[in-house]
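I have placed the structure first, in the form of structure tokens, so that the comments after it can refer back to it.
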Amino acid sequence: MDELVKMVAERTGLPEAQAQKAAEAVLDFLKEKLPAPLAGQLDNLLENPGLTDQASNLLGGLFGKK
């Protein structure tokens, strides 16, 4: 989660406290919209930096980015 908050703060110019709230709001939104099995994995993904990198690479590949 810290990595996500840092990225939000850097990309938006928001103070870290506001970036934290923004990241939490987005995660809550995703958890509501994603199918339950995927939504349940979001917290695990954010707590494990190795998984975050793998997911980023996978999603980038799906959207044509490398």
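The values are calculated or read from the model by the stated rules, or taken from the named source; none is laboratory data. A quick note: this is a predicted structure, and the numbers were derived from the prediction, not measured. When we count neighbours, we look across all protein chains shown, and the Cβ atoms used for this are built from the backbone with ideal geometry, even at glycine.
Remarks
- In the range 36-46, residue nearest to the chain's Cα centre (by Cα) [restricted to those that are small (Gly, Ala, Ser) and part of a helix (DSSP H, G or I)]: ALA39
- Among residues of the range 1-35 being in contact (Cβ under 8 Å) with a residue 40 or more places away in the chain and in a helix (DSSP H, G or I), the one that is nearest to the chain's Cα centre (by Cα) is LEU4.
- Residue in the range 24-36 that is at pLDDT 90 or above and among the small types (Gly, Ala, Ser) present: yes
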